[in-house]
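Participant: Let me give you the structure first, and then I'll get to my questions.
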Amino acid sequence: MKKAKKVLAMALVLTMTLSLVACGSNPAASTSVASSDPAVFSAPVEESTYPNDTISFIIPYAAGDGLDTSTRALLENAEFPVNTLVENISGGSGTIGLQDAFGREADGYTVAILSNGPTIAQPLLNDTLTYTLEDWEVLTFTTAPVLAVLGCSASKGIENSDDMKAFLESGEPFTVGVPSMSGFGYVAAASMFNQMGIMDKVTWVSYDGAPALYQAYLSGEIDFATFDDNFAAQYANSGNSVTVGVVMNDIRSQYFPDVAAAGEWGVEGLGANIGFKAAAVKKGTPADVCEYLTKKINAAVVTEGYQKWCEDNYFGVLTEEDIYTGEEAMEMLIQLRETNRTVLTAAGLLG
C-alpha cells in the first residue's frame, strides 16, 4: 500500500475508534500582518484563456512557517506560464489569511494553502468565520503528513520520555507554547493532557507560527512547546537545542525513534491527529481550472528538485503513488474534522 496513504488510512480507523470514547491564556504574540516582501516566481507569459495573469498562493502564517517554506520550494519547481506570487497574510490562528483568500473571486487566480488549524479546528470553534471546509475545492496535498511532538525546555531538566511522563504526573503546573490555539499540535496536546487529568495544570501561550514559537522556546519563555516532528528534527540536527519528551500520537515518529508515543502511556485516540498541507481554491472555481492547477501542482510535487528539498528539510517525500485525488483528499479531511470535533469536545472546547 502507498506509504502516505497507509498513514492516513490508519487515521480513518482511529477516528472511528475515537468516536466511541466518552469525552471527557495568553493572547497571541503577533498581530495580523501581510508580508511586505512577497516572493514572486517569474515565468514567461503565454497567450491562453487560463492562466493569463499572476496566480497568488495565500499562506495564512508568517514567512518561515512550514506552509510558507514548503510552498515556496514547490513553486520554485513548478512550471506555470505566468508569474506566481506568495502572499503571507497571518493572524487569527490562520483564519485571517483564509478569509482573505475566500473573499476573492473563484477564478483560479487565488490558491489557498490549507492546514489543520484554520481549515478544520477554527470553523468548529468560531461560527463567525465566512468559510467552512466544504467551501473549499481541495486540489491535492503538497507534503507528506507530520506528527506533533512536545519539546522540553532545558530548565526542566527533562532528558527522555520517562522524565517527561514523571513530570506530567507530578501535578506541577507548567506552560505550553503553541503556534496557534487550533492547530493539530494544540489539539494533540490538549487531548493528551485531558486524558491524563492535568488540563488544569497547563497555561497555554500562543505564538504567530512555528518560528516565533521556537524563539520563545529557546529563550526559556515557556516550559514546553508543540512542534511538528519534522521541524523539531530539523532544529535538533542543525545543532540547536531541542529535547523531545513525547510524540503526541499512537505511533512513534520516524525522526525520533527513541522517544515514546503517548499511546504507549495509555493515551488513546491520537492516531488520527495528523498534520496536513493542501492546495485549494474557492468552491465554484471552474472545473477545467481546478484540473489545470491540480496537474501543475502535482507535477511540481514529484519533481526531483522538490523531493530533494523535502528530504533535505525533513518533509516526507511524496511520490506519484502517494498522491491523492481531490476527492480522496476531501474525504480524508472530513474524517480528520470529525476527529478534531471529538478531541475538542473531550478538551472541553466544544459543547
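Participant: Regarding region 147-265, what is the average projected area of its C-alpha convex hull, in nm²?
Facilitator: Values: hull surface 25.0 nm².
Averaged projected hull area, Cα only: 6.3 nm².
Participant: If packing is taken as the mean number of other Cβ atoms within 10 Å per residue, what is the order of 85-91, 102-108, highest first? Don't skip to the answer; put the middle values down first.
Facilitator: Details: 85-91: 21.1, 102-108: 15.4.
Packing proxy ranking, top to bottom: 85-91, 102-108.
Participant: Hey, with R₀ at 41 Å, roughly what FRET efficiency would Ile251 and Asn83 work out to, going by the Cβ-Cβ distance, to 0.05? Let's see the in-between values first.
Facilitator: On the way: r = 41 Å, r/R0 = 1.01.
E(calc), rounded to 0.05, equals 0.50.
Participant: Only Cα pairs under 8 Å and at least 6 apart count here; give the relative contact order of region 85-167 as a rounded whole percent. Kindly include the intermediate steps, with their values, before the conclusion.
Facilitator: Working: 36 pairs, mean separation 16.5, N = 83.
Once divided by the residue count of region 85-167, the mean separation gives 20 percent.
Participant: When a footprinting reagent is the concern and you count Cβ atoms within 10 Å, what order do Thr342, Thr226 take, fewest first?
Facilitator: Values: Thr342 21, Thr226 27.
Arranged by neighbour count, lowest to highest, Thr342, Thr226 become Thr342, Thr226.
Participant: May I pose another question? How much net charge surrounds Phe231 when only the other residues with a Cβ under 13 Å from the Cβ of Phe231 are counted, with Lys and Arg +1 and Asp and Glu -1?
Facilitator: Details: positive: Lys277; negative: Asp65, Asp68, Asp228, Asp229.
Charge balance near Phe231 sits at -3.
Participant: Next up: Where the centroid of each part is defined by its Cα atoms, how far is region 167-222 from region 255-285 in Å?
Facilitator: The distance from the Cα centre of region 167-222 to that of region 255-285 comes to 16 Å.
Participant: Would you mind getting the Kirkwood hydrodynamic radius of region 251-349 from its Cα pairs, rounded to one decimal in Å?
Facilitator: Values: mean 1/r = 0.0611 Å⁻¹.
When all Cα pairs of region 251-349 are included, the Kirkwood radius is 16.4 Å.
Values quoted throughout were computed directly from the atomic coordinates according to the rules given, and no laboratory measurement underlies them. Quick caveat: nothing in here was measured; it's all calculated off a predicted structure. Glycine gets a Cβ as well: all are built from the backbone with ideal geometry, and neighbour counts include every protein chain shown.
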